[in-house]
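One structure is given here, and the rest of the page talks about it.
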């Protein structure tokens, strides 16, 4: 029989539901040596969190996160709140001796991120940051092909994370558009994912230059009560407020290994909903990925005979594709939700084997260091070095 | 608080796990007025079914399906076994007054299908057949666009269901290749889905002509014990046995409304894993779908200005896309598994509203009537009329 | 210095212009050992043919094709007229000792096709039929990969030729919709190309079953004078006439080598303009092609490692890709017109080397034999054997 | 009868052949009011230029470009040589009163470009620069949709020009890799095209920041004699020389109208042959283009109903698509070569109508101004303003 870990989750909205889905299904697909027990979910609105507990399958609920962290029957805390609360909650959880799983971006400042790492390391707990795209089978396959040397020396990285959900100027000023809550706009929400993927596949970024823009300067304020439903659960008022985060950001980079990189993240790219794209060009091969068709990795190999070369559209749905094998027969694709099942499976496996989950808070912090350099460059107009952390 | 229904599931392999996933997650995504309670799972191997119960979240298990059906605490039976058992089990369940959810093809013969319909109608229970592709949001969107008149008069239906998992002649003779168990090969397994989608979108088929082939005539026998894992859980022996089902089948049809149709189903189409494709051409528009990129529906409209016409690649992931709205923000795609959550949500909604779920056993039977005509045509070499049922 | 051949072309409309483009440019791209001399073009309307001669680069013109054939300075006749004139003109040309290049379908009946073959063989002249798609580099690459054994035993052929130019019921009754001129509709115009490609890549077809439909039974008659411009050079009158050819045809086939085949040709497939598509599935590989993106061949190989298999999108624009090498650097794609340059280059090369061009009238006749069997099956409703020719 | 202009072409290699193809075929497709007469072609190697004259259809040849320009029977000079000769030749031609058509980039320095503009303006001749991609029908369609207001306010421009022909370190040091001949590498050869397209579609660029890299620092020297054939007509020697141009360049920009832009040009992007890509995102619509499938423009419109929005794949091959209508029926795609026919048609039309062709030397100069700012930024590491010209 597998061992168990009692989980307490803070947050019940978009990420709260996604993480609940992960805990609920980890055992169905993975033969886990450590099983998550869905002990308690926590949120400020009792009405909403009560419903969430019942529908998501949590045994109990709390409305005060500090109380949740103190509960003796909780061994692991999942921080699925907006970015401005990550540091406080994660540090408190670590200090209480709980394992911690934090959503991304790990913190709204590099300083906070450093403190989080210090806290979990001091406490000796396991820690993981929610860069869920690492568990997309096609991205894991990219990693495998790179590690096998099939791409050779990397020359180019180009990445774009394109969405369009705030293209309408009447879309309200939700927390994801308020700097004091979310820290930044497309940068922390979207570019952070690209940076993590780049670090995973290519290596560390050395220097960056960037610029950003807020295309719509004012938006209607939000109005109405919290609900479980999705990104935009509330209505909007007649009053307007200032948007103080970036709608879009564009970035050039140089990697430590000599590769050139471009990054773009925007919520103003009409027609793209969750277009998380990257391409890698190396001396022996190239790779392409795009999330809206997330089961596919495109691979070009210079090893094929010249007259028969071309990008191969690999459907990463074989039993030997990491992060897919646990699911269905080939071609029976998985979706966004399954990345959260995979994250939970990774954390459970790490607990069972007493190893650190990947990506850890250290990865979260290194991503924050790159975000920090980008923000600096947007102001200075110059190339900025990524701080050593 | 929602009402509840106690479910007993027969089968723990590929379909058993898929259906369990459906029951486990229906409440997380759907605000169900009737909630499934995962009462008991049933399978012949006690070792395997015991593990399945624990991992999939069932409260108890049985090894004798007759006993399961007799249990007073079970109100609904889910038949997720090979086709040769559907009729016996579903009829017994209906006679015991249980609602019935049967996998597809509903029966291995039209006669059996008719008996199943008679039984459920006599018992007055709710019944549904597992054509899960009906709940793919992109296919539901196709239905919507057709119902809105955006395609006009339909001229052409072309559909292909392409897989390649038995391309290797050394792949063993599993039950899906044995006529006495599965009834037919690609025909009942794959073409049945295409026929159901065609019926849903275009209407009834009038006549068919077809031919089929078994490319590999003999295969190694299976060996080893049952496991939970996937399609090919067992090893193979040195001995060979005869393959008596079709590896591939090709079909022409005429629909009652005058449209021409082509169907192809094969497990010998290298490079295609679960390529469930259809295209519809009408007087005002066209539609294209392919399961391996299942969140996409392509739509061409003659209403666009001539110089700006083209197939639109619609990502059916908006909140107002049927069967998607319950999940994630736009672009955060769903996968194959979610179709089973959608099926359970449909059955639960039907129970809550005391209406018949869609597709019902009548749809299952009508599909069997088309399969019957195709099988006849493969022998006669002539156009055969689809029997009236 | 290369030798020369004096060409006389009959026809100045769509095909006449396309062939003129071929003669005009063969020398620019190909280092021909025999160069075409554009001696004379022939058409019934003197006004139009005079303009055509000047604009297309012909040294002279004729209005009587019999006179053209008799001219001593003409060594080769190009028959680019509607199908009902091919036999008469080609036979007369052969009897006059001229080499003959005939557009496809070679004849409106198998009988006529046989007579044409008899005539050219008796005369000992070179002959070629205008299946220009054979010279698409991506299709030539398909042939190469098949010949290299990379596909293995062929199991499936599926082909579709989809257009939509007569979807509008008010499109006039041009000659391509009149049986006495064109012989058949989508069958001879479009399916003929698919059949030729199938013969080139897979081999001979043994038996067929088929059905066809005329969706729009009556159309406005044509009105107005001939012009050079495209497919629909004339206006339409208020009067209507009967459409007596097929708008669409669907076909099942069995090849002599055991493969199953499906064919579809239609002018009622909205959104497809010149969608000439085929796919081949074999024991070791698969191939896909579609003309609207004609420089691409998709190739799936079972030889790639299982986890890295996928359809490769090969851009057939390398210098070692047959029928492309004469043009541009890689990636600088060619279009439809270039297939006619390639055809002329093939004929010139055959003349220089005193060999028969490919495809010859014998190929044209064999295609007519398949068309003949399809037409029979459309009437009989049964499988028909392709006549031996 | 149309008027005529006598053309003299300098250059017989890649661009020389491409331009010859343009002159040879303009009349076949376009009903030109002014017809080009292929008077003389000029090149330094008499052996090669003699063959070129015969094969491309030129009436005579020269080996001294100064002599060509002096010929009284020449009215228009086409400069299809490497960039370092453009200024000298074009200025001499203008001074001799000839119309001038120069390949791009117009000059290797902004200073030279300014002198060229001054010369042609002083001489009062017609002038055009060879940004042939402007005549791709899909790009012209993009312009039309933008002009119609279907994109709204532009927020994002992203463009990549990806090739891979020098990925092999053993590829020789041809003139396109020598700064003294070509001025720059991917920047002038590829990015110049992107910049021109951006200017055509979005407007003027205000500021840029950029960086570039030479991945392979040394390459084998070229050896052997000139031939007509393609990009790499010669062999290579055992000796190596230094590569002093950029292999790849990445650029951020801000447009005068407030849009953000990214550009990338590289010859080290394995698997891409002539991947000239751009995407535009505006407040009401988006556009995407990629040259390897050059007949397609993707268009997303916010005007479509929300549930039916998606990128439309428009095949720009209708008779009312600018730069296509002269060719074939819909779906019968054109290729790279046809852009040169379109360029000639544009120049001829301008001569007939006594208007300036588009794009003129002024456009060529403005592109050089952007290249100049990029080069500066690659050195300074800062944002640089595009010089006013």
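All of the numbers you see were taken from the coordinates with simple rules; none came from a lab. Worth saying up front: this structure is predicted, and the values here are computed from it rather than measured. Reconstructed Cβ throughout: ideal geometry from the backbone, glycine too, with neighbour counts over all protein chains shown.
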Checklist entry - Rounded to the nearest 5, what % of the DSSP beta bridges within the range B:3-132 are antiparallel ones? => result 0
Checklist outcome for this item: Shape call for the range A:257-389, from the Cα gyration tensor axes a ≥ b ≥ c (a/c under 1.5 means rounded, otherwise prolate when a/b beats b/c, else oblate), comes out oblate
Next on the checklist: Using a Gaussian network model on chain B with a 10 Å cutoff between Cα atoms, which of B:308, B:92, B:191 fluctuates the most?
Outcome noted: B:308
Item to check | Nearest-to-axis residue of chain B, judged by beta-carbon position, where the axis maps B onto A, in Å | outcome: B:335, 2
Next on the checklist: Relative contact order of chain C, please, whole-number percent, based on alpha carbon pairs below 8 angstrom and at least 6 residues apart.
Outcome noted: 21
Checklist entry - residue A:179 label points, 7 Å along Cα→Cβ, one per copy: pairwise distances from this copy to the rest in nm, shortest first? => result 4.2, 7.5, 7.8
Checklist outcome for this item: Pseudo-spin-label distance residue C:122 to residue B:376, built 7 Å along Cα→Cβ, given in nm, is 5.2
Checklist entry - Measuring from centroid to centroid over Cα atoms, what is the spacing of the range D:359-389 and the range A:132-165 in Å? => result 33
Next on the checklist: Using Cβ contacts closer than 10 Å as the measure, can you line up A:34, B:368 from fewest to most?
Outcome noted: A:34, B:368
Item to check | Which of A:74, B:216 has the fewest Cβ neighbours within 10 Å, and the rest in rising order | outcome: B:216, A:74
Item to check | Gyration tensor verdict on the range C:154-287 (Cα atoms; rounded if a/c is under 1.5, prolate if a/b is larger than b/c, oblate otherwise) | outcome: prolate
Checklist entry - So what is the relative contact order for the range A:3-133, in percent, with contacts set as C-alpha pairs under 8 Å and at least six apart? => result 22
Item to check | At 7 Å out from Cα toward Cβ: residue B:387 inter-copy label distances (nm, ascending) | outcome: 4.0, 7.7, 8.6
Checklist entry - Out of the DSSP beta bridges found with both residues in the protein assembly as shown, what percent are antiparallel (nearest 5)? => result 60
Checklist entry - Using alpha carbon centroids, what distance separates the range B:18-61 and the range B:237-288, in Å? => result 32
Next on the checklist: If I model a spin label at residue D:148 and residue D:175 as a point 7 Å from the Cα along the Cα→Cβ vector, what separation in nanometres do I get?
Outcome noted: 4.3
Next on the checklist: How high is the relative contact order of the range C:289-389? Use alpha-carbon pairs under 8 Å, at least six apart in sequence, and give a whole percent.
Outcome noted: 13
Checklist outcome for this item: per DSSP, antiparallel bridges as share of beta bridges in chain C, % nearest 5, sits at 60
Checklist outcome for this item: Dividing the helical contributions, -39500 (n - 2.57) per DSSP H run of n ≥ 4, by the residues of chain B yields a 222 nm value, nearest 500 deg cm²/dmol, of -9500 deg cm²/dmol
Checklist outcome for this item: Residues A:367, C:378 in order from fewest to most other beta-carbon atoms within 10 Å are C:378, A:367
Checklist entry - Build a GNM of chain C with springs between Cα atoms under 10 Å: which of C:204, C:218, C:75 gets the top mean-square fluctuation? => result C:218
Item to check | Number of partner chain Cβ atoms within 10 Å, mean per residue of B:163-173 | outcome: 2
